[in-house]
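This report refers to the structure that appears directly beneath it.
The values are calculated or read from the model by the stated rules, or taken from the named source; none is laboratory data. Since this is a predicted model, take the numbers as computed values, not measurements. As a convention, Cβ positions derive from the backbone with ideal geometry for all residues, glycine included, and neighbour counts pool all protein chains shown. Quick note on the areas: whole protein, heavy atoms, side chains included, nothing else; ligands and nucleic acids left out. Shrake-Rupley method; radii C 1.70, N 1.55, O 1.52, S 1.80 Å.
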Amino acid sequence: MRRSNVGLWLAVGWIGFGLLPWNAIAGQGFFALGWLAGYPLDVRTGPGAVQLIHHGRLWLLPIGVALAVPALALNGRIGDKTAAALLVLCGCAGLVALVAIALAIDINGWTSPSFATYFGILPGRQPGLGYGASFVAAALLMLLCQGVALRGWARGDVFVAGAIGASIALVGLFTLYPIARLFVRAFLDRDGNVSLPALAARFASGRIWGYGGVVWNTLELGLMTAVSATLMALCFALIVTRTRLPGRRLANVLAVLPMITPPFVVGLALIMLFGRSGVLNAVLDFAFGIRPTRWIYGLPGVWLAQTLALTPVAYLVLVGVVQGISPVFEEAAQTLRASRLRIFTTITLPLMAPGLVNAFLIVFIESLADFGNPLILGGNLEVLSVSIYFAIVGVQQDPGRAAMLAIVLLSLSLALFVIQRRLLARRNFVTISGKGHGVPNLALPRTVTGLAVVFALPWAMLAVVVYAMIFTGGFVEKWGLNHALTVRHYVTAFGAEIANGSVQWTGGAWNSFFTTLTIAAVSAPLTAGFGLLVAYLLSRYRFTGKGAFEFVTMLSFAMPGTVVGIGYILAFNAPPIELAYTGIILVACFVFRDMTTSLRAGLASLSQIDSSLDEASATLRASSFATLRRVVLPLMRPAIIAALVYSFISAMTSISAVIFLTSPRFDMATVNIVGRAEVGEYGYASAYASVLIVLMLLAVLLIRAVVGHRRVLGGQSLVERSLAPATEVGVQHPASRQRSPASHGLLVRPRAPTEPA
Amino acid sequence: MAFVRLMCGSMQRLLVVLALFALAAPVAAQEVTVLCNFEVDWCEGLKASYERTTGQKAVFIRRTDGESLAQIRAERSNPRADVYHAAESASAKQLASEGLLEAYKSPRITELHDWAQRIAEENKYFQTPIYTGVLGFGYNTELLAKKKMPEPKCWKDLANPAYKDEIQMANPGSSGTAFNMVSTILQLMGEDEGFKFLAAMNKNVNQYTRSGSAGIRAAGKGETTIGITFLHDSVAQTVQGYPVKTVAPCEGTGYEIISSAIIKGGPNPEGARKWMDFVLSPAGQNVAVTVNKFQIPSNKNAQTHPMAPKASEVKLINLDLDKYGSKEGRDHLLSRWENEVFKAPK
């Protein structure tokens, strides 16, 4: 019954309109329940229906009508076509009315005096929209989606239509709206008047374009970092998934390690290593009399730091794809007597293209938006993200210039995004199909293994050294001055004592620590879930505006955090939507900023999975839930892990996005660490960072343990394969048979090409 | 489809979790919310001392001056904080002219030094100074000795080619400290001569940092020899144990005025006034000594850290903070600096 959900959403709508307070509750908030005292007749806490009838707030009438009329669609005698028209009409009209109300009333009452004369003056400070309005908005949106689904949109599937509608609405509200609020500034001069000459003057400013200009520097850095990080990630992915080298398990951890570091800390460690008075220069000076230089400050330093920091991101996107490549084509090529190197360059590498290109895109965009590393190591190198930050907070505060620079930054990301789509367009990368093969992947050609090791080894060593420095930094009095061992910093940061039978958290870090942990734990599953959902929708369904939607989801990610932060304050500080100084605003910021990585990992992974698998499962009468649980999700495990890990870590370590969003109750760990490092308390900063690193490492391991491995035949037995004698090609390896319990059914039943897939 | 259904489930969870977070939405008015531009240890000390002394609650958000300024402007329709604490005088003046601050004449005002009273009065009590800091520079004694460079004593010395690539200062476009330094030089030497000196010094500058105190911190760690900064930041490096010597330039030097101001329409105006009274009192200003800060307090009866620069050893010029403080003045100074100094060939 395709219309059964109409009743459900109508009920939600009427709960919102008839029961819950329409406006946000001032003071202690909704859950303090203090508002129940005046409920329901008090105009400040009353539901929309009461405000409409009892207080004569006629502007709420269209909402009531839009929620009443769709009840007709419940009547089975009304045809699908009429019902669809009814739902679409009411959904649209209701939403338009809601947005109009939101825009017409701000904190000081009506925004236009003509409304006031018509509807009467609204006295006092106006509250923002509350739970009642949110429920109504959700219901209206869903009714609209049901309507369009009835008309055959999204293959007529109401769930898909609803999911697409909800995603578009959420992304619009939490990404597009805040950024638009800021971008408008680009068209205003410094007195707040609309002025195209102001925009033109900003745009033509000399330091932006040309060789050595901000844009040039940014692009140069972005390309260098994207190439190096993707290359490093490829090396690690190959070593981990395709070789039997000793220590490859360690490599698996090392490849992700630098991501789990508060960004500031890596820059500091690099200075201690490579700075003018750093370890390396001291050794060179002592041993060879080479005069110490400041080479680290500028492009080389930022490049090094970004490569270190972003390789893990590329690795996470890439490793699932590399694992997922089926050996069938390689086997075919081998049968045709191609050399291993030829197989690698003509088959393996091209099949990795979605992973490589997605990783490249992510790293490039992150490099453009990166703010911490250019700030610490940039020297006189000027890049967009830093210019934008100082256009907002510098001596000449000019949000208009910041907005214009942000538009330039976004155009760069957009251009890259378009190129990426062109590159991957109309190609097929499906390698995971229903056909079992039982053949493990080929071993890598020796040259490739060698190259991968040559690249990966120094990088891994650098990562180890940087980590060793951070950990020891927490245990010595003062790095560089006094190396006496101490636990003082840990006591200052994480001290606790028992007084009057209860634990007193005396350390300075606890508050921000618990907040950060909570926010990250809440954001990560939401980010991953939402990102993968959107990835699924984008890869499996066609709908109008898909390309634009895909790009909009990247907007927030592609912006330097500070820009997003200021946009969020502008958008969510005052009614109609008041979220500033709450935890929600931090969670929303993380979810809509970091979902891009989940989305890209999901897209890369889904592009390998043959959609005929879903269909086959349905043909075999598996319920769609079983298909999901036993086919799609298990095959997407690497993407799920990547999404969860990335979102969790990003929420734990991000700094620029939260600069303007932290509040006394919601202080974040990274902000605390940077503040301490600023006053020279490197011991405290290192100790805090070490605790975070260990915690994140545990979280990563936990996520992996919970989500588990993808079991695709061949993908798992690749290790055994590389030792197996050539004659075993085509013979099912014993190890893979052991791993084929019946419960895995279709997927792991090996060598059954004749069975219906 | 089931995938989508599962995801719809998780979106419903999203709503529930978001709802739970709203629980913590703080609009409680009994505490005072302070945008604190001090370093974090100072903010913490101040909060603790305020709560002990007054029995009132205070919460703070650590920001840099520019961030606070941007935030107060962005929140103008619905201010969330009560106090703009440790504002640069020029920033507070701008906000006052935009109508975002509330004037308040604290009963403590008579206890302040004359200079502080004068500035409070000039600003119609939209801001009241809490300390002043003197501009100068510091150098790494080990590096100086190792490279056998002469000891710098005056501003003029910094143009000496002996210091090629050895000086760091902040970019006046991003840092109030550096902006203050450039204004000081222009006032000392005259505008044209001043820019000529800065262009000559540019050859010795290895990096224009973003933050005002980054240069002297780099000098402490041996990443550069000389850092131009406020004397109190330089002394802090020495006290932390780095081989840094602080210099008050012989020609005389400028200073910064740091004030506290009440944000108009904040949730707790009563608490904001209490906070102002507290930070202007000796008790409030003595917190600086306990957290090793070396600025010169505005209250006559407040203690100054024994390591703080001595007034007798510093020659102060009569710095005209307004000349380059206005929007046009800033634009003018920065565009000349950019064209004649920053872009000058090295």
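For the residues B:H332, A:H54, a 1.4 Å probe over the protein chains yields an accessible-area ranking, largest first, of A:H54, B:H332. Per residue of A:276-283, other chain Cβ atoms within 10 Å of the residue Cβ number 3 on average. Taking amide H positions as modeled 1.01 Å from N, with prolines and chain starts lacking one, the residues under 5 Å from B:L316 and 5 or more places away or on another chain are B:T253. The angle separating the long axis of helix B:231-240 from the principal Cα axis of greatest extent in chain B is about 80 degrees. Centre-to-centre, using Cα atoms only, region A:557-577 and region A:84-161 are separated by 22 Å. Taking every Cα-Cα distance in region A:505-559 and sorting them into 5 Å bins from zero, the calculated P(r) comes out as 4, 16, 16, 18, 13, 10, 8, 7, 4, 3, 1, 0 percent.
Close amide-amide hydrogen proximity is noted between B:Q207 and B:M169, each under 5 Å apart and 5 or more residues distant or on a separate chain (H modeled in the peptide plane; Pro and chain starts excluded).
Nearest 500 deg cm²/dmol is fine: what mean residue ellipticity at 222 nm does chain A get from its DSSP H runs of n ≥ 4 alone, each adding -39,500 (n - 2.57), divided by its residue count?
On the way: 34 runs with 463 residues, N = 757.
So the helix-based figure for chain A works out to -19500 deg cm²/dmol.
Among the protein heavy atoms, those of A:C92 account for about 60 Å² of accessible surface (1.4 Å probe, every chain in place).
Of the residues A:V69, A:G48, A:A32, the one whose Cα sits farthest towards the positive end of the charge dipole of region A:4-151 is A:V69 (charges of +1 on Lys and Arg Cβ, -1 on Asp and Glu Cβ, taken about the Cα centre). A:V148 sits with roughly 40 Å² accessible to a 1.4 Å probe, with DNA, RNA and ligands left out of the calculation.
Per DSSP H run of n ≥ 4, the term is -39500 (n - 2.57); total these for chain B, divide by its residue number, and report the mean residue ellipticity at 222 nm rounded to 500 deg cm²/dmol.
On the way: 13 runs with 145 residues, N = 346.
After summing the helix terms and dividing by residue count, I get -12500 deg cm²/dmol.
Summarising the overall dimensions of region A:445-571 from its C-alpha atoms, the Rg and Dmax are 23.4, 67 angstrom.
Per residue of peptide B:64-76, the mean number of Cβ atoms on other chains within 10 Å of the residue Cβ is 6. Close amide H partners of B:A58, meaning residues 5 or more places away or on another chain with modelled amide H under 5 Å apart, are B:V32. Per the Cα gyration tensor, chain B maps to an equivalent ellipsoid with semi-axes of 38, 26, 21 Å, ordered largest to smallest. The C-alpha atoms of chain B define a longest principal axis, and helix B:269-280 lies at about 30 degrees to it. Can you list which of the DSSP-assigned H helices in chain A have a Cα extent of 20 Å or more along the long axis and an average Kyte-Doolittle score of at least -1.0? Going by DSSP H runs, the hits are A:4-18, A:80-104, A:131-150, A:214-242, A:299-324, A:353-369, A:399-424, A:446-473, A:510-540, A:583-606, A:637-653, A:682-707.
Could the peptides A:410-417, A:196-203, B:280-287 be put in order, highest first, of the mean number of other beta-carbon atoms found within 10 Å of their residues? It would help to have the intermediate numbers written out before the result.
Working: A:410-417: 17.0, A:196-203: 14.6, B:280-287: 20.8.
The packing order, highest mean first, is B:280-287, A:410-417, A:196-203.
One equal scatterer on each Cα of region A:569-689, no solvent, Debye formula: the resulting log10 I(q)/I(0) at q = 0.10, 0.11 Å⁻¹ is -0.51, -0.59. Against the main long axis of the alpha-carbon atoms of chain B, helix B:191-202 sits at an angle near 90°.
Charging the Cβ of each Asp and Glu at -1 and of each Lys and Arg at +1, and nothing else, the dipole of region A:4-151 about its Cα centre rounds to 180 debye.
Convex hull volume of the Cα atoms in the protein assembly as shown, per residue, in Å³?
On the way: hull volume 209.9 nm³, N = 1103.
Considering the Cα atoms of the protein assembly as shown, their hull volume per residue is 190 Å³.
Over all residues in A:286-297, what is the mean tally of Cβ atoms on other chains that come within 10 Å of each residue's Cβ?
On the way: counts 0, 0, 0, 0, 0, 1, 3, 1, 7, 0, 1, 7.
Rounded to a whole number, the mean comes out at 2.
For the protein assembly as shown, the residue among A:L356, A:S167, A:G91 whose Cα projects farthest onto the positive side of the dipole built from Cβ charges is A:L356. The Stokes-Einstein estimate for region A:215-279, based on a Kirkwood radius over Cα pairs and taken at 25 °C with 0.890 mPa s viscosity, is a diffusion coefficient of 174 µm²/s. Expressed per residue, the C-alpha convex hull volume of region A:4-151 stands at 106 Å³.
Protection proxy ranking, highest mean first, for peptides A:175-184, A:572-581, B:143-152: A:572-581, A:175-184, B:143-152, where packing is the per-residue count of other beta-carbon atoms within 10 Å, averaged. Across region B:249-346, the convex hull enclosing all Cα atoms gives 191 Å³ per residue. Annotation: peptides A:496-505, A:698-707, B:154-163, ranked by per-residue average of other Cβ atoms within 10 Å with the highest first, follow the order B:154-163, A:698-707, A:496-505.
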